[in-house]
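Notes follow the structure.
Laboratory data are not the source of any read-out in this text; all were calculated from the coordinates shown. Just so you know, these numbers come straight off a predicted model, no measurement behind them. Virtual Cβ from ideal backbone geometry, glycine too; neighbours counted across all protein chains shown.
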Ligand code: MN
C-alpha cells in the first residue's frame, strides 16, 4: 500500500461586526429583516456611486490580524475582482489582492492526542460580501441583496494542516479569537463565519503537491472534519485505483455524507484583478497600529495559561473556562466574590453550571444571568461555613438556575440550614435504626461490613431532607450501634 501525505489549507470568511456596511452607511445587521430591505445605492452598486471605506471595519480587521499574530501592513491596496454573477450587482467584488492589510501570522491548536501545533496564517484581507441567491423548487431563483456590501475579512492559512481534526481545530480557534475580541459575531448558523478547505494528497516521497480540491462554504466545525475525512479517502482511493484526481471545486453534502463536484478549475474565471480606482491605498501609521494593539483584550491562550498558574486549575478546566470570554469574565468575578476560592468556583461552574446549560440546551453565556456572581458566591459561602450541605446546595443551584432566585434567600425562607446539632440528630438516628428497612444493614454492620453504615446514613439524610450533617450522623450512628 502506498502511503500518502495530506496537505490542507483553510480560507475562512468572517463578517466584521460593524454597524454599517463596508462602503457606505447602509445598516449591516439585517438579521430577521425582510429580503432587500437593507439596501442602498452603494451596496447595490448603482452607476455613479462611490465607495467610502468603513473605518471601524478596518480597525477590527487590524485587531483580528494582531490577535492572529499577523503583521499589520503600513500600506494595503483594494482591488476589483471581476466575476459576473447575479449575487454581485456591480459585476465585481472590492477586495484586497496582492497587498492585504495583515500578513504572516499563526494560531496554535492542541489535538485530542495532546499535541500542540502551530499553523501559519498567510494573510488576512478585507472585502465585501455578496448578496444571496435563493433557488426555488420551480427552477427559478430569487435574489436578496441585504448581505450585499457587508464587511468581511478573509483569513487564509498556510498549507500546514495535515488532518481533518487539525482543520476543525484551526476553524474553531480562529472563530473563538474573532468572537473573543469582538471582531465578529461568529454566528455559524447565519453564515457569519464560513470556511473553504483546500485539500490534496500525494504519495510519500513525491515533491510536488497533488491536484487541489476546494470544498466551499462549510459553516459547521463538524462538517469541516467530516468533509475532509471523506475527501481525503476519495482522493486516495482514486489514486490507488490508478485514476487521476481532478482539480475542482466540490460541495459537501451532509445529507449524503459525501462531496460532489461543482465546477472544474479548468474553466475557472479569470478574475482580472486590478487596483480599485475609487479607493486610495490604505496607509496605516505606527501610532494607529499601536492604538489597535492597545484595544486588544488578553487573548484566550494567555488567559488559559494564567488560569492554570494563578488559580491552580488543570489545563482541561482552564480550557473550558476560557472558551468564551464572557464565561472567563464570569468565572474571575465569581472567584473574587468568593474570596479567591478558585477551585470551588470552578467546580460549581463546570460541574453544575455546564451540566445544566447542556441539559437545558443553552449557551454558556446565559450563566451570568441565570446564576449571577453574587448568587453563586453566596451559595459557596453557605457551603463552606457549613450552613448548608453540598446536597442541599446542588438542589438550590439547579432551582435558582431555572428561576433566577437568590439561593441564600431560599435557605432562610425554607429553613434549609444544615443540622449539626447532636441532640436533634440523635432523635433522627434512633428513628432510623428502629426503621424495619434498617435491619439488614444493621446486621451486616455488626457482622463486620462497616460500609453498610452508609445505607443508614442515607435513611437519616432522607428523613432530614438532606439537611443533616452527614459526618455528625455517621458518628452518632457508630455511637448508637456500639451502645445497643
Ligand atoms: Mn473572499
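Can you show me the helix-derived [θ] at 222 nm for the chain, built from DSSP H runs with n ≥ 4 at -39,500 (n - 2.57) apiece and divided by the number of residues, rounded to the nearest 500.
Taken over the chain, the calculation gives -12000 deg cm²/dmol.
For region 142-238, compute Rh as the Kirkwood radius over C-alpha pairs and then the Stokes-Einstein diffusion coefficient at 25 °C and 0.890 mPa s; write the answer in µm²/s, rounded to an integer.
Translational D for this selection: 164 µm²/s.
By its C-alpha gyration tensor, with a ≥ b ≥ c as the square roots of the eigenvalues, how is region 164-216 shaped: rounded for a/c under 1.5, else prolate for a/b larger than b/c, else oblate?
It comes out prolate by the Cα gyration axes.
Taking N as the number of residues in region 127-197, what is its Cα Rg relative to 2.2 N^0.38 Å?
Cα Rg divided by the expected 2.2 N^0.38 Å: 1.36.
Rounded to a whole number, what is D in µm²/s for region 391-441 from Stokes-Einstein with the Kirkwood radius over alpha-carbon pairs (20 °C, 1.002 mPa s)?
It comes out at roughly 162 µm²/s.
So how tilted is helix 470-483 from the main axis of the chain? Cα-based, degrees 0 to 90, rounded to 10.
The two axes meet at around 30 degrees.
I'd like the distance separating the alpha-carbon centroids of region 460-484 and region 102-163, in whole Å.
Centre-to-centre distance over Cα atoms comes out at 62 Å.
Given 0.36 nm per residue, what is the gain on full extension from residue 110 to residue 347 after removing their alpha carbon distance, in nm?
So the chain would gain 83.0 nm between residue 110 and residue 347.
Between residue 1 and residue 158, how many nm apart are label points set 7 Å from Cα along the C-beta direction?
Computed distance between label sites residue 1 and residue 158 equals 3.1 nm.
When each pair of different Cα atoms in the chain is counted once in the 1/r mean, what is the Kirkwood radius in angstroms, to one decimal?
26.8 Å
Give me the extension gain from residue 41 to residue 478: residue separation times 0.36 nm, minus the current Cα-Cα distance, reported in nm with one decimal.
Once the chain is fully extended between residue 41 and residue 478, it gains 148.9 nm.
What Rg and what Dmax come out for region 80-193 when only alpha-carbon atoms are used, in angstroms?
Final numbers for Rg and Dmax: 16.9, 51 Å.
Given Cα pairs under 8 Å that are at least 6 residues apart, what percent is the relative contact order of region 300-350?
Across region 300-350, relative contact order equals 32 percent.
In 5 Å bins starting at zero, report the fraction of Cα pairs in region 1-86 per bin as a rounded %.
3, 10, 14, 19, 18, 13, 9, 5, 3, 2, 2, 1, 0
Once you put a point 7 Å from the Cα of residue 301 and another 7 Å from the Cα of residue 439, both along the Cβ direction, what distance in nm separates them?
Taking the simple label geometry, residue 301 and residue 439 are separated by 6.8 nm.
Find how much the distance from residue 326 to residue 454 grows on full extension, using 0.36 nm per residue of separation minus their present alpha carbon separation; answer in nm with one decimal.
Contour length minus Cα-Cα distance gives 42.0 nm.
Measuring from label point to label point, each 7 Å out along Cα→Cβ, what is the residue 358 to residue 274 span in nm?
My value for the distance between the label points is 5.8 nm.
Classify region 245-391 from the C-alpha gyration tensor, please: rounded if a/c falls under 1.5, else prolate or oblate depending on whether a/b exceeds b/c.
Note, shape of region 245-391 comes out oblate.
In nm², what is the average projected area of the convex hull enclosing the Cα atoms of region 1-145?
Computing the convex hull of the Cα atoms and averaging its projections yields 13.8 nm².
With viscosity set to 1.002 mPa s at 20 °C, what whole-number translational diffusion coefficient in µm²/s follows for region 302-355 from Stokes-Einstein and a Kirkwood radius over Cα pairs?
In µm²/s, the coefficient is 200.
Would you kindly give the portion of the calculated P(r) for region 181-251 that falls above 15 Å, as a percent of all Cα pairs?
Percent of Cα pairs beyond 15 Å in region 181-251: 59.
Within the chain, what percent of beta bridges assigned by DSSP are antiparallel, to the nearest 5?
Of those bridges, close to 95 percent are antiparallel.
With an 8 Å cut-off on Cα pairs and a minimum separation of 6 or more residues, tell me the relative contact order of the chain in percent.
In percent, rounded to a whole number, it is 13.
Can you work out the base-10 log of I(q)/I(0) for region 440-480 at q = 0.33 1/Å, using the Debye formula on its C-alpha atoms alone?
Debye output, listed in q order: -1.13.
On a 0 to 90 degree scale, rounded to 10, what angle separates helix 221-240 from the longest Cα axis of the chain?
Around 60 degrees separate the two axes.
Output the peptides 355-362, 415-422 sorted from most to least packed, where packing is the average of other Cβ atoms within 10 Å over each peptide's residues.
Those peptides, ordered most packed to least, come out 415-422, 355-362.
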